[in-house]
Structures are given as C-alpha cells and as structure tokens.
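Trainee: What follows is a single structure, and I will ask about it in a moment.
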Amino acid sequence: MIWLHLAIQSALARKGALLIMVLSTAISVAILLGVLKVRDDAKTSFSNAISGVDLVLGSKGSPAELILYSVFHLGKPTNTIPASLEKDITAIPLVDWIVPIQLGDSYRNYPVVGTSTAFFERVRAQGRPLVIQAGKALTDPTSFDVVLGSRVAKSLGLTLSNQIAIAHGSGSGPKKDHSDSPFKVVGILAATGTPIDQALYISTQAFDALHDIQDGGQLQFAKLDPNSRVNAFFIGLKSRASIFSARRQIDDLKNANLMAVMPGVALDDLWSTMEVAENALILIAYGVLLTTILGITATLLIALDNRRRELAILRAIGAKPFQILFFILAEAFLVCMIGILAGWALLQALIAMYADQLRTEWGVVSSFGFPNTADLTSLLIVLFTVLLFATIPAAKAYKMALHDGLNPPSP
Amino acid sequence: MTALQSTPAIRAVDLSFAWPKQKPLYANVSFELYPGEKYLITGPSGCGKSTLLNLLAGVVKPSAGEIWVLDRRLQTLSQTATDQLRGEQMGFIFQQFNLLPYLSVRDNILLPAHLFAKRKAAALAQFGSLDDALRYYMNHLGLSADLENQAAHRLSIGQQQRVAAARAFLGSPSIVIADEPTSSLDEGNQTQLLKLFFALADEQQTALLMVSHDPRLCSYFDRQLQLAEVSQS
C-alpha cells in the first residue's frame, strides 16, 4: 500500500499535467462509450421504430421494401392488397387487431397515411403508446380530419383547425392538388423520434374519397369504392407466441399474393446494411482513444526527466526495480481509471441533458445506464493498452534508475 | 577513535572501476569500515567519489575486486537481494535534494520503516512506537515538532539535510553513507550537523562513511581515504 500511497502523492504533486491527461482520457472514453451507446441505442430505437405490431401484411415481394414504405414511408408503394382482407384477417382467432395503411398522397413532401382510428390506440413508437399533444386523434372515419406528426406540425407551422389541401402522389414526383377538399387539423401527435413524426394521418375512407373526386366530382363518402385497396396492414396478435401459426393461417387465405413480415426481423435485416457506417464510427472512436493513450505515454516519458531525482531517492532507500516499474505503472493506471470513471460520468451527464433531444430529434432513445458487457470489454482493452504503453516509460525509468545510480543530475 | 571490531561493515578488496570506453577511475582500492567508525573519503571533483558510493551501495558493479557488506559479497547477490540489503542496512544522505518533495517531514523520515520491516522492527524495539522514534530524531537533529507535517519542499536546505539524516538513521541501519551532506551549508552549520551525525552514529553503533572534497573535515573522522591518490597509484 505504501507504493500506492507514494504514487498518489507523487501524482498529486503534478496534478496540473495529470489533470490534463485525465481530462483527455475522460473525453476519449466518453467518445468511445458514447459511440458504443449510440450504436446500441440507435439499433434498438430503429428496431422499435414501430412496436406493438406483430406482423406487417403486404403484397408479396421484398420484406425490406414492405417495411421501408409502410413503416418508414420511403420508396414508392406501388403494390396494394384488397382492403376487404381486413374482414378475413380479423376472423382469424389469433388476431387481436388490424390497422390498414394506405399511402400515396403527400402534403408539402410529407407522406399522408390513410389509416383507421385504431392506429392511434394500437401502434406504439419506441415501446410507448402514441400521445396526442394537442387536439384529438381521428375519431370519425367519415370526416376530413387530419392528425399531424410532431415534425410536420413544427416544420410547417401548422396548428389545430388549420385547413390543408392534400396532394395526390408523393415525394418529388408530379402531384395533383385536392384543393377542393381541405382537411382540418384536429390533432397533433407528441414527438416520438420515429417516422410517425413525419407523416399526416387521415382515415382510409377520406383517402378513398379523395381519389374518387379526381375526375372533378363532389366529395362524398357515400360513393366509396367497395374494391378499395390498401398498401399494408399492421396486425397485432393476442399472443406473440402464436406468430408462426398466425402467419400460416394468413398464408392459407385464398389470396396467394400476400406476405406477412415480422417487423423486428425485417428491421434487423435493414440495420445490418448499415454495418459499414457503424464500424467506421467505432474505428474513429478507437482512433481517438489510441491518440489519447499515445498522449499519456508521451506525457509520462516527458515527465520522467523531471522525476529522476525522485526515482534515485527511492532507489537509495532500497526500492527494487520492479517497485520502480510499479510506481510508474500505478500512475498510468490511476490516471486511466480516473479518466475512465470521469468519461463514463461525463457521458451520463450528457445523456441526462440531451436525452429528450436525442429521442425527439434523432429518434434515439438513450437513458442512464451502467456499462454493458461490450462497454466493459472495451474499457478493459483501454486499461490494458494504457498499461502496455506505460511499460515504455516504466522500462525507461527502470533503466534510468540503474544508470543514474544514487546521484542523478540535479534538477 | 572507536574501537575496531573484527567484522567490518564494509570491506572493499582491490576494487577497480571504469565506465564503458573510459579510463579507469580506480585501480586496486581497498579499505575497511567498521561498525561505529567514521570514515572520510576525500578527493577533488570528478575523481569518482560518488561512483564509489554507487559501487558500495550495489547500484553499480565494479570492473574488478570485491565488495563485502556485513560479510555478504555484493557480486554474488541478486539485484533484489542487493536492494533489500541496501534498504535494510544502509541509510543515505546526499548533498541536496534528499527528500521526496510531495511528502511531509514525517512521511519522509518514516519511509524506510514503511518499506522495510527490519527497519521498522528496530525502530519499535528502540523507541516503542514510530511516533516516538520520529520525535526522537527530529528533536535530536534540531527540527522543531511543528515541522512534522510540513511539506518537505517548504523546508530550508539545512532543515532538509537534517530530515534526510533522520531518515538515514531511523531503524538503526549498520551503515550510513553521506555524499557531501554539508557542502551546501555554511561552516558553522557544517560543524554542528556533523556533530549531530556523529552523536547518532555513536549511539547506534552505525558506521558512517562520508564523501567530501573538503580536506578540512579530515580531523573530525577516525580514518580517511584520499581517492585521487589511489586513482593515480
């Protein structure tokens, strides 16, 4: 313990330089842990972009494409399935609820989603139920009401009771304004950090009615097409354990053009396409860390010249070479440990400060948490590497102590 | 003069030394230092006095000859055993910069007792507690009690030398080696400090080996070795 005491006292005597080393280690560790945490949280948040949905039903094709347009509203939803399937699927005893998703229209480049009132009760984002921040959810399917995602309301400056005209078509392609059918904003959703924030929600009946008047006729719900089609259905089961049975029963429906996708699996597949970016981030984080470790080593080496007298005194008193090694390594260990703890604390403080912003602006749900196994492994690697690099100045100190003997040059 | 005893604390036999690719510093140096004896090694600057101390401490190996410390031949000991022998049986006082500046006076003096059980046991046997040992040495060397918790770097040079002496003598080592310990002091303080060293050495039967370039100090010592003469021989 005396050597640890000496190492601490010696370090405290040079606290200015060591504080900079601790700070630089802390920042590097915070970056490393931050990148690892953002990676994990982003992945979880991505997988939870839509939750509470056990199956997404769409036209047979690419599962990733179905998820991209039904959940993320990306790409062109060209494939449709009959809206009447809702009755057949509801009839399956394993199914608890079903919500239609109809796409194709947009308002100022934000997608418009035709859905049912159940959407607001059943669909969850990041594991939390949808919250109406202002106004109300869709309640009357035969009204031209619209509920806005938070980002839409914020960026377009829309508030309750505003009247808007929805365009036919989406993205940057040609649009035909339904300017004669103004929708009234009746509700605004609270931010979720998911694609839900970036869409407008109307009822499927209103969606169909919009298209029925494309030829210039009067808007009326009575003329709805009984052969209406939707792009997808979100399905919730009574028990998740029955997911494969439910899929089989859906496959058994006479419509052979159907595909039921487990969103979690499809989202994981989609996420794996981002592995390169993910690895690049981690590489950068480790690069920052390596720079810091080299900085610590350089600082220790530079400090050695000023510590020759100290080491000579210790040798004269009877310190053994391995104790000199320990003395130098203990300092590196202390600096690194304090840096790691400070880095972790710094990250937690940043998360506490910016958790809401991360969730609503970036869709990443992050919260206070102790390092997981992967984090601990990384930190152990850091600690081990610092100690490994610190053996360079430690070995030099050992050599210097032997060479200087008991009378090193005066400071 | 102190009565010489049969077993020397240090015995150097035909000692020769040269730094790599340099002329020999000494050839065939022999001397013996007995318990309780005060021995002075003199010589001009650069004649290798400090190197001789490194040889005797086992930090540097001689080119030829033998060094015996308390009947143990240094060349046959491992580095660890040599370090152990030095820590347990030798105290050192340098010209200056003797202390770990970040430690208090108390911690500096008690350091050997914390590092070596033998030194601690000897101090406890002699004084009953380390606190009493500390007070004894501080008082004996003219250090006031209120300096006990003072950081070493705040002390004057004279005070630092006294603290270094207290550390060197704590736990009754067999040998205290002093490398020009009074050279940074004025003449009055030099004499006073030497007398304090001698009193402690007599009391503990510690052999005192001191190096100095100042020939005026010869009269204070039992025996002396003129290193330059040896080197030229």
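To keep it simple, each residue is scored yes or no on (1) open to solvent by 40 Å² or more (accessible area, probe 1.4 Å); (2) over 21 Å from the mean Cα position of the chain (by Cα).
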{"site": "A:51", "(1), (2)": "no, no"}
{"site": "A:57", "(1), (2)": "no, yes"}
{"site": "A:64", "(1), (2)": "no, no"}
{"site": "A:78", "(1), (2)": "yes, yes"}
{"site": "A:83", "(1), (2)": "no, yes"}
{"site": "A:90", "(1), (2)": "yes, yes"}
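Trainee: Being more than 8 Å from every other protein chain (Cβ to nearest Cβ) and open to solvent by 40 Å² or more (accessible area, probe 1.4 Å) is the filter here, so list the residues in the stretch B:108-126 that pass it.
Mentor: Of all residues in the stretch B:108-126, those more than 8 Å from every other protein chain (Cβ to nearest Cβ) come to B:108-110, B:113, B:117-126.
Hits for the stretch B:108-126 are B:117, B:118, B:120, B:121, B:124, B:125, B:126.
Trainee: So, one more: Restricting to the stretch B:64-96, and then to whatever is more than 14 Å from residue B:177 (Cβ to Cβ), of a type outside the set (D, E, K, R) and touching a residue at least 60 places away in the same chain (Cβ under 8 Å), can you tell me which residue is farthest from the other protein chains (Cβ to nearest Cβ)?
Mentor: B:68
To keep it simple, each residue is scored yes or no on (1) open to solvent by 30 Å² or more (accessible area, probe 1.4 Å); (2) closer than 11 Å to residue B:38 by Cα; (3) in a loop (DSSP other than H, G, I, E, B).
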{"site": "B:168", "(1), (2), (3)": "no, no, no"}
{"site": "B:173", "(1), (2), (3)": "no, no, yes"}
{"site": "B:182", "(1), (2), (3)": "no, no, yes"}
{"site": "B:198", "(1), (2), (3)": "no, yes, no"}
{"site": "B:217", "(1), (2), (3)": "no, no, no"}
{"site": "B:225", "(1), (2), (3)": "no, no, no"}
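Trainee: Can you find a residue that is closer than 30 Å to residue A:112 by Cα, aliphatic (A, V, I, L, M) and either free of Cβ contacts under 8 Å to residues at least 60 places away in the same chain or more than 14 Å from chain B (Cβ to nearest Cβ) (or both) anywhere in the stretch A:75-84? Steps first, please.
Mentor: Kept after step one, since they are closer than 30 Å to residue A:112 by Cα, are these residues of the stretch A:75-84: A:75-84.
Then drop every residue that is not aliphatic (A, V, I, L, M), which leaves A:81, A:83.
So of that shortlist, the ones also either free of Cβ contacts under 8 Å to residues at least 60 places away in the same chain or more than 14 Å from chain B (Cβ to nearest Cβ) (or both) come out as A:81, A:83.
The answer is yes; a qualifying residue exists.
Trainee: Is there any pair with a first residue in the stretch A:359-383 that is farther than 14 Å from residue A:45 by Cβ and a second that is modelled with pLDDT of 80 or more whose Cβ atoms are under 6 Å apart and which are 6 or more apart or on different chains, and what are they?
Mentor: What qualifies is A:368/A:348; A:375/A:33; A:375/A:36; A:379/A:340; A:383/A:336.
Trainee: Given (1) more than 37 Å from the chain's Cα centre (by Cα); (2) open to solvent by 10 Å² or more (accessible area, probe 1.4 Å); (3) free of Cβ contacts under 8 Å to residues at least 12 places away in the same chain, identify the lone condition not met by residue A:323.
Mentor: (3)
Residue-wise test of (1) among the aliphatic types (A, V, I, L, M); (2) more than 25 Å from residue B:197 (Cβ to Cβ); (3) touching a helix residue (DSSP H, G or I) at 6+ places or on another chain (Cβ under 7 Å); (4) open to solvent by less than 30 Å² (accessible area, probe 1.4 Å).
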{"site": "B:8", "(1), (2), (3), (4)": "no, no, no, yes"}
{"site": "B:32", "(1), (2), (3), (4)": "no, no, no, no"}
{"site": "B:57", "(1), (2), (3), (4)": "yes, no, yes, yes"}
{"site": "B:62", "(1), (2), (3), (4)": "no, yes, yes, yes"}
{"site": "B:69", "(1), (2), (3), (4)": "yes, no, yes, yes"}
{"site": "B:80", "(1), (2), (3), (4)": "no, yes, no, no"}
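Yes/no matrix, rows are residues, columns are (1) over 30 Å from residue B:119 (Cα atoms); (2) within 14 Å of chain B (Cβ to nearest Cβ); (3) not polar (S, T, N, Q):
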| residue | (1), (2), (3) |
| --- | --- |
| A:297 | yes, no, no |
| A:309 | no, yes, yes |
| A:324 | no, yes, yes |
| A:329 | no, no, yes |
| A:335 | yes, no, yes |
| A:340 | yes, no, yes |
| A:348 | yes, no, no |
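Trainee: Would you confirm, using the coordinates I've provided, whether residue A:303 is within 27 Å of the chain's Cα centre (by Cα), assigned to a helix (DSSP H, G or I) and more than 13 Å from chain B (Cβ to nearest Cβ)? Walk me through how you get there before you give the answer.
Mentor: Working: within 27 Å of the chain's Cα centre (by Cα): no; assigned to a helix (DSSP H, G or I): yes; more than 13 Å from chain B (Cβ to nearest Cβ): yes.
For residue A:303, the condition - within 27 Å of the chain's Cα centre (by Cα), assigned to a helix (DSSP H, G or I) and more than 13 Å from chain B (Cβ to nearest Cβ) - is not met.
Trainee: Hey, any hits in the stretch A:14-30 for a residue that's open to solvent by 60 Å² or more (accessible area, probe 1.4 Å), over 29 Å from residue A:378 (Cβ atoms), over 14 Å from the mean Cα position of the chain (by Cα) and within 14 Å of another protein chain (Cβ to nearest Cβ)?
Mentor: no
Trainee: In addition: Quick check: anything in the stretch B:138-150 more than 14 Å from chain A (Cβ to nearest Cβ), hydroxyl-bearing (Ser, Thr, Tyr) and within 17 Å of residue B:201 (Cα to Cα)? It would help to see each step written out before you state the result.
Mentor: From the stretch B:138-150, those more than 14 Å from chain A (Cβ to nearest Cβ) are B:138-148, B:150; that's our starting set.
Filter once more, so that each one left must be hydroxyl-bearing (Ser, Thr, Tyr): B:144.
From what is left, the residues that are within 17 Å of residue B:201 (Cα to Cα) are none.
Looking through the stretch B:138-150, none of the residues is more than 14 Å from chain A (Cβ to nearest Cβ), hydroxyl-bearing (Ser, Thr, Tyr) and within 17 Å of residue B:201 (Cα to Cα).
Trainee: Next question, about the same structure. Criterion first (among the acidic types (Asp, Glu) and assigned to a strand (DSSP E or B)) does residue B:88 satisfy it? I'd like the intermediate steps shown before the answer.
Mentor: Values: among the acidic types (Asp, Glu): yes; assigned to a strand (DSSP E or B): no.
Judged against the criteria, residue B:88 is not a match.
Trainee: What residue, of A:391, A:377, is among the polar types (S, T, N, Q), closer than 15 Å to residue A:34 by Cα and open to solvent by 40 Å² or more (accessible area, probe 1.4 Å)?
Mentor: A:377
Trainee: Next question. Which ones in the stretch A:177-194 are open to solvent by less than 20 Å² (accessible area, probe 1.4 Å) and either assigned to a helix (DSSP H, G or I) or at pLDDT below 75 (or both)?
Mentor: A:178, A:181
The values are calculated or read from the model by the stated rules, or taken from the named source; none is laboratory data. Because the structure is a prediction, the values reported are computed rather than measured. A quick note on method: Cβ atoms are made from the backbone with ideal geometry, for glycine too, and the neighbour counts reach across all protein chains shown. All accessible areas refer to the heavy atoms of the entire protein, side chains included, with ligands and DNA or RNA removed. Shrake-Rupley method; radii C 1.70, N 1.55, O 1.52, S 1.80 Å.
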